[in-house]
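Report on one structure; see the data block that follows.
The values are calculated or read from the model by the stated rules, or taken from the named source; none is laboratory data. Values in this document were obtained by computation on a predicted structure and should not be read as measured data. All Cβ positions, glycine included, derive from the backbone under ideal geometry; neighbour counts span all protein chains shown. Surface accessibility is based on the protein's heavy atoms, side chains included, excluding ligands, DNA and RNA. Shrake-Rupley method; radii C 1.70, N 1.55, O 1.52, S 1.80 Å.
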Amino acid sequence: MDIFTDVLIIGTGVAGLYSALNLKNDLKITMISKGKLDECNTNLAQGGISVARGSTDIDSFIEDTLKAGQYENDVNAVKILAEESIENINNLTNIGVDFDKDREGLCYTREAAHSINRIVHYKDITGKRLEEVLLNNVKSKNNIVIYEDCHLIDILKKYNTCAGGICIKGNKQFNIHAKITIMATGGIGGIFKNSTNQRIITGDGIAIALKNIIKIKNLNYIQFHPTAFFTEKSSERKFLISESVRGEGGKLINCNGASFVNELLPRDVVTRHIYEEEHKTKSKNVYLDISFMPKNFIIKRFPTIYEKCLENGVDITKEAIPVSPAQHYFMGGIDVDSHGKTSMKNLYAFGEVSCTGIHGANRLASNSLLEGLVFSKRGALSINNTIDDLSLIDVEAPKLKYNIEYYENINKKVLINNIMKFRGDLKDELVTC
Ligand SMILES: Cc1cc2nc3c(=O)[nH]c(=O)nc-3n(C[C@H](O)[C@H](O)[C@H](O)COP(=O)(O)OP(=O)(O)OC[C@H]3O[C@@H](n4cnc5c(N)ncnc54)[C@H](O)[C@@H]3O)c2cc1C
């Protein structure tokens with residue numbers, strides 16, 4: 001089956017949905033998601049979204065981001081992120097994202113390595129609320145068609161120009177011909193045995209870029225979150241205990257009840273300390289304790305974490321939570337400019353699949369959703385200005401002979417082999433396929 005569209009968007013997380021909302025209403029837009037529409041990492045985000053606290057906070061927000069990223073960030077991209085943060089959060093509020101508020105206005109929390117409270121949130125399910133509101137807004141537009149359970153296998157291209165995507169839905173091949181293609185396929189957690197990510201998020205966009213010689217950056221920069229709920233069940237997604245638990249005063253202790261690290265240091269530093277402590281004490285995990293705080297506060301501020309831990313036999317109002325690091329985020333990705341343009345003509349990349357350079361070697365907490373918002377909007381506006389001069393390219397898609405698993409395994413192998421070139425130390429952490 002062949003479908004013809006102006007813009008093809010692969011992914012229905014924050015980056016895909018927000019780009020769709022910022023494209024012109026007279027464009028025909030086709031969106032696809034690999035699983036169900038909300039089966040994405042956006043839906044899992046707990047802590048919130050960073051935002052500058054007014055123009056006087058912009059320099060400090062930039063400095064916190066650079067410091068966490070070990071000054072390997074793209075300074076221009078970080079400036080854009082901080083400067084355009086407020087307008088995008090206001091825009092979310094206008095379209096229905098009801099962040100937590102008190103009498104003075106928005107509530108801001110603090111997370112590791114932020115020098116002040118600058119994270120807006122919706123309880124401890126910010127991502128779920130964001131996904132819900134963005135999806136409802138997208139569904140209300142009659143120029144957007146969405147196919148779920150539709151897997152991108154490869155791109156359609158002519159020389160170095162992208163012409164759409166080759167997909168499989170059920171057992172059927174779908175060739176989606178597009179003037180512009182947007183890769184918003186998210187991160188790589190699904191290729192790790194221990195990850196906080198949705199299992200279906202397996203870095204497909206990056207594998208497809210590698211196969212098609214599209215420029216990739218920083219394949220070695222993989223973030224491990226210090227505090228995932230510790231369980232021995234290895235095939236399950238690891239439940240995240242949000243950074244904001246430490247931001248609100250939670251204490252990290254070892255198996256003997258002793259403190260061993262400043263909880264508000266950047267993620268990579270805290271993760272390293274936890275690994276060292278586990279090694280020293282010959283334990284598989286450490287503990288995160290907030291049980292000394294008022295019960296009502298804990299249940300109101302962290303209702304999902306409370307419920308989820310209770311399901312796993314831990315009452316966080318009475319006892320410490322067993323935690324250990326797990327793969328969480330990918331700072332590298334498809335190399336893009338400040339409008340999300342890749343090295344292939346007519347192909348854009350937004351969100352976690354892209355590498356704008358804002359995170360450097362280590363992402364500052366809550367900067368990911370913001371990156372997805374700021375750069376997908378910039379990209380969409382750039383597409384609006386240029387798409388009228390483009391036409392569909394006549395390309396015939398190769399006939400797919402095998403099933404989805406066959407092509408997905410090839411993509412996983414391509415990605416794993418490339419990561420291993422830089423990160424041989426992660427060999428045992430990666431899935432086999
Ligand atoms: C547990 C958890 C908590 C987090 N908390 C926060 C937080 O508080 N603040 C913050 O800023 N960040 C947080 N993050 C990170 C943040 O959620 C993600 O980086 C961000 O949501 C990525 O958005 P995205 O749109 O790029 O990708 P995603 O939201 O992951 O969406 C990817 C989309 O691509 C689709 N897709 C993938 N491959 C294919 C394919 N082959 N064919 C078709 N479709 C495909 C998927 O179906 C999905 O729709 C958290 C992440 C996790 C896992």
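Magnitude of the Cβ-charge dipole of region 229-327, K/R +1 and D/E -1, about the Cα centre, nearest 20 debye?
With Lys and Arg at +1 and Asp and Glu at -1, about 60 debye.
Would you work out which of 181, 93, 21 lies farthest towards the positive end of the dipole of the chain, given +1 charges on the beta-carbon of Lys and Arg and -1 on that of Asp and Glu, about the Cα centre?
Final value for the positive-end residue is 181.
Report the dimensions of region 357-410 along its three principal axes from the alpha-carbon atoms, largest first, rounded to Å.
Ordered largest first, region 357-410 gives principal extents of 43, 37, 16 Å.
When the Debye formula is applied to the Cα atoms of region 140-207, each taken as the same point scatterer, what base-10 log of I(q)/I(0) results at q = 0.11, 0.27 Å⁻¹?
Ignoring solvent entirely, the Cα scatterers give -0.33, -1.22.
Counting only DSSP beta bridges with both residues in the chain, what percent are antiparallel, rounded to the nearest 5?
60 percent
Of 382, 365, 354, which is farthest towards the positive pole of region 349-394's charge dipole, taken about the Cα centre with +1 and -1 on the beta-carbons of Lys, Arg and Asp, Glu respectively?
365
Could you please state, rounded to a whole Å, how far the C-alpha centre of region 48-122 is from the C-alpha centre of region 266-321?
One Cα centre to the other: 25 Å.
Going toward the positive end of the dipole of region 1-138, with +1 on Lys and Arg Cβ and -1 on Asp and Glu Cβ, which of 33, 50, 108 do you reach last?
Positive-most Cα among the choices belongs to 33.
Per residue, how large is the accessible surface of the chain? Use a 1.4 angstrom probe and give square angstrom.
Values: 17820 Å² over 433 residues.
So the chain comes to 41 Å² accessible per residue, rounded to a whole number.
Can you give the direction-averaged projected area of the convex hull of the alpha-carbon atoms in region 229-327, in nm²?
Seen from a random direction, the Cα hull of region 229-327 projects 6.1 nm² on average.
How many times 2.2 N^0.38 Å is the alpha carbon radius of gyration of region 123-168? It would help to have the intermediate numbers written out before the result.
Details: Rg = 15.5 Å, N = 46, 2.2 N^0.38 = 9.4 Å.
Its radius of gyration relative to the 2.2 N^0.38 Å reference: 1.65.
As a quick test, which of the pairs 128/345; 79/217; 141/179; 172/193; 211/412 have an alpha carbon distance above 23 angstrom in this structure?
In this structure, 128/345; 172/193 exceed 23 Å between Cα atoms.
Each residue of region 50-55 in turn: what ³J(HN,Hα) in whole Hz from Karplus with 6.51, -1.76, 1.60 and θ = phi - 60°, glycine and Pro shown as x?
Once rounded to whole Hz, the list reads 6, 7, 5, 8, x, 5.
With every atom except the alpha carbons ignored, what do you get for Rg and Dmax of region 28-143, in angstroms?
Reported Rg and Dmax, both Å: 15.7, 45.
Given H placed 1.01 Å from N in the peptide plane, which residues other than close sequence neighbours of residue 72 have an amide H under 5 Å from its amide H?
361
Can you give the convex hull volume of the alpha carbon atoms of the chain per residue, in Å³?
Value for the chain: 135 Å³ per residue.
Rounded to two decimal places and with Rh computed the Kirkwood way over Cα pairs, what is Rg over Rh for region 312-433? Write out the running numbers ahead of the final one.
Values: Rg = 19.8 Å, Rh = 18.3 Å.
The Rg/Rh ratio comes out at 1.08.
Taking the Cα centre of region 352-433 as origin, sum charge times position over the Cβ atoms of Lys and Arg (+1) and Asp and Glu (-1), and report the length of that vector in debye to the nearest 20.
On the way: 10 positive and 11 negative charges, 57 e Å.
I would put it at about 280 debye.
Please report, in debye to the nearest 20, how large the charge dipole of the chain is about its Cα centre when each Lys and Arg carries +1 at its beta carbon and each Asp and Glu carries -1 there.
With only Lys, Arg, Asp and Glu charged at Cβ, the dipole is about 740 debye.
Enumerate lysine pairs in region 229-327 that are 8 or more residues apart or on different chains, then count those whose Cα atoms are under 15 Å apart.
7
Taking H placed 1.01 Å from N in the peptide plane, check which residues at least 5 places from residue 31 or on another chain put their amide H under 5 Å from its amide H.
Counting only residues 5 or more places away or on other chains, the set is 9, 145, 146, 147.
Gain in length, residue 26 to residue 160, computed as 0.36 nm per residue apart minus the alpha-carbon separation, to one decimal in nm?
So the chain would gain 45.5 nm between residue 26 and residue 160.
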